[in-house]
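Chemist: Sharing a structure, written as structure tokens. Questions coming.
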Amino acid sequence: MAFEIDRFMSLSRAVETGDLDWEQLRERGLDDDEVRALQYIAAVENHTVLYLRSVLTRHVTRDYEVTAFLACWAYEETHHGYALDRVLTTCGHPPARDRFDAGTHGARPRGRAVAAIARAAAELTPAFAATHMTWGAAQEMLAAAAYTQLAYRTENRELARLLLRLARDERRHQRFYYEQAERRLADSALARRLCRLGMLRLWSPVGSDVGGDRDDAGFLCTLLHDNVWGQRELARIDGLIARLPGLAGFDRASRVVAQRIACYWRLQPERARAIRAHNSRLAPRFAPTCDAHEAAE
């Protein structure tokens, strides 16, 4: 069934937080890994609106469905960041006052270069919009997976409730991006060529180029994907993107995350080992894969 923009807009709203028991959330608190993960993810969500600078080019602004979706999407994602900031503040970890400025202007050279290339290509041809849509679909898949896994890892029941709501929003966003990508790629050979080049050469997990601690991306990849469940989710995401026209064989999600995890193990072996041990105690789904375990040994 085709994505219905009218239905999406009727459902669009800020994530519900009024029914959460904030006192219970505060009393249960957050462990150190949860604090670091939520701080990083909140920073990413709060920077979402800046992505519009790349997407809203002269060609895209002529498409009502896309512009209407992006307006709702930016609103919802901003409220995701706001909700996570409130969680952190409630639990005694308020965000730094300058975090937005530091993240915006501290972006790494690669991130700035990719953004510049994307803006230029999008201005030159409407075919590049398919790359934006595919890129967005992959990022929303990863975000939904991250929220879901964090919800199952935490012992804070109220936090889990919020995280599952955020995951539901991300899956709704994913559907729009994916269906737009599928249609646009099917209609244009140029779109398929540009998208394959961009996704196989330049794509990286959401938030990788937000300024800040250079270990944060590796930490989050290790926390979420150095286990059986995380590896399966990456393979599922790769498979979904590979089904799109022109993207057969896509496996970049698994490859890039594996590189981040390997780098984190080199830089922070004791912390990576502690994360793996904790994950193993949670449930079989969070156990390390055999290959990863053998590599660590």
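The values are calculated or read from the model by the stated rules, or taken from the named source; none is laboratory data. Fair warning: this is a prediction, and the values are worked out from it, not measured in the lab. Ideal geometry is used to build each Cβ from the backbone, glycine not excepted, and the neighbour counts take in all protein chains shown.
Chemist: So which residues in the stretch 222-245 are more than 18 Å from Ala144 (Cα to Cα) and either buried (at least 21 other Cβ atoms within 10 Å of the Cβ) or among the charged types (D, E, K, R) (or both), if there are any at all?
Modeler: Within the stretch 222-245, Arg243, Leu244 qualify.
Chemist: Something else now. For the subset of the stretch 252-270 comprising residues that are charged (D, E, K, R) and crowded, with 16+ Cβ neighbours inside 10 Å, which member is nearest to Arg153 (Cα to Cα)?
Modeler: Arg260
Residues checked against (1) without any contact (Cβ under 8 Å) to a residue 40 or more places away in the chain; (2) farther than 22 Å from Ile41 by Cα:
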site	(1), (2)
Gln231	no, no
Ala235	yes, no
Ile241	no, yes
Gly249	yes, yes
Leu267	no, no
Arg271	no, no
Thr289	no, yes
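Chemist: Further question: Evaluate the stretch 12-20: report whether one residue or more is part of a helix (DSSP H, G or I) and not acidic (Asp, Glu).
Modeler: Scanning the stretch 12-20, I find no residue that is part of a helix (DSSP H, G or I) and not acidic (Asp, Glu), so the answer is no.
Chemist: Which members of the stretch 21-41 meet the condition of being assigned to a helix (DSSP H, G or I) and under 15 Å from Phe219 (Cα atoms)?
Modeler: Of everything in the stretch 21-41, those that are assigned to a helix (DSSP H, G or I) and under 15 Å from Phe219 (Cα atoms) turn out to be Asp32, Asp33, Glu34, Val35, Arg36, Ala37, Leu38, Gln39, Tyr40, Ile41.
Chemist: Condition first: modelled with pLDDT under 95 and part of a helix (DSSP H, G or I). Now tell me which residues in the stretch 79-108 satisfy that.
Modeler: Within the stretch 79-108, Arg99, Phe100, Asp101, Ala102, Gly103, Thr104, His105 meet the criteria.
Chemist: Give the residue, chosen from Ala189, Ala151, that is farther than 23 Å from Trp73 by Cα and modelled with pLDDT of 95 or more.
Modeler: Ala189
Chemist: Still on this model: Of these, Ala253, Ala258, which one is in a helix (DSSP H, G or I), in contact (Cβ under 8 Å) with a residue 60 or more places away in the chain, more than 20 Å from Val35 (Cα to Cα) and touching a Leu at 6+ places or on another chain (Cβ under 9 Å)?
Modeler: The unique qualifying residue is Ala253.
Chemist: Just one of the numbered conditions (1) modelled with pLDDT of 95 or more; (2) in contact with a Gly (Cβ under 8 Å, 6 or more places away or on another chain); (3) surrounded by fewer than 23 Cβ atoms within 10 Å (Cβ to Cβ) is not true of Cys195; which one?
Modeler: Every condition holds for Cys195 apart from (3).
Chemist: Among all residue pairs at least 6 apart or on different chains, which show Cβ distances below 6 Å where the first residue, located in the stretch 52-72, is more than 11 Å from Ala129 (Cβ to Cβ) and of a type in the set (Phe, Trp, Tyr) and the second is modelled with pLDDT of 80 or more and in a helix (DSSP H, G or I)?
Modeler: That search, which allows pairs on different chains as well, returns Phe69/Phe176.
Chemist: Next question. Checking the condition under 17 Å from Met9 (Cα atoms), under 17 Å from the mean Cα position of the chain (by Cα) and in a helix (DSSP H, G or I), which residue from Glu76, Glu45 passes?
Modeler: Just a single option satisfies the conditions, and that option is Glu76.
Yes/no per residue for (1) buried (at least 16 other Cβ atoms within 10 Å of the Cβ); (2) polar (S, T, N, Q); (3) in contact (Cβ under 8 Å) with a residue 40 or more places away in the chain:
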position: Ser10; (1), (2), (3): no, yes, no
position: Arg13; (1), (2), (3): no, no, yes
position: Gly18; (1), (2), (3): no, no, no
position: Asp21; (1), (2), (3): no, no, yes
position: Gln24; (1), (2), (3): no, yes, yes
position: Gly29; (1), (2), (3): no, no, yes
position: Asp33; (1), (2), (3): yes, no, yes
position: Tyr40; (1), (2), (3): yes, no, yes
position: Asn46; (1), (2), (3): yes, yes, yes
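Chemist: Continuing with this model, one more query. Could you figure out which of (1) of a type outside the set (Phe, Trp, Tyr); (2) surrounded by fewer than 16 Cβ atoms within 10 Å (Cβ to Cβ); (3) farther than 26 Å from Phe176 by Cβ isn't true of Leu202?
Modeler: (3)
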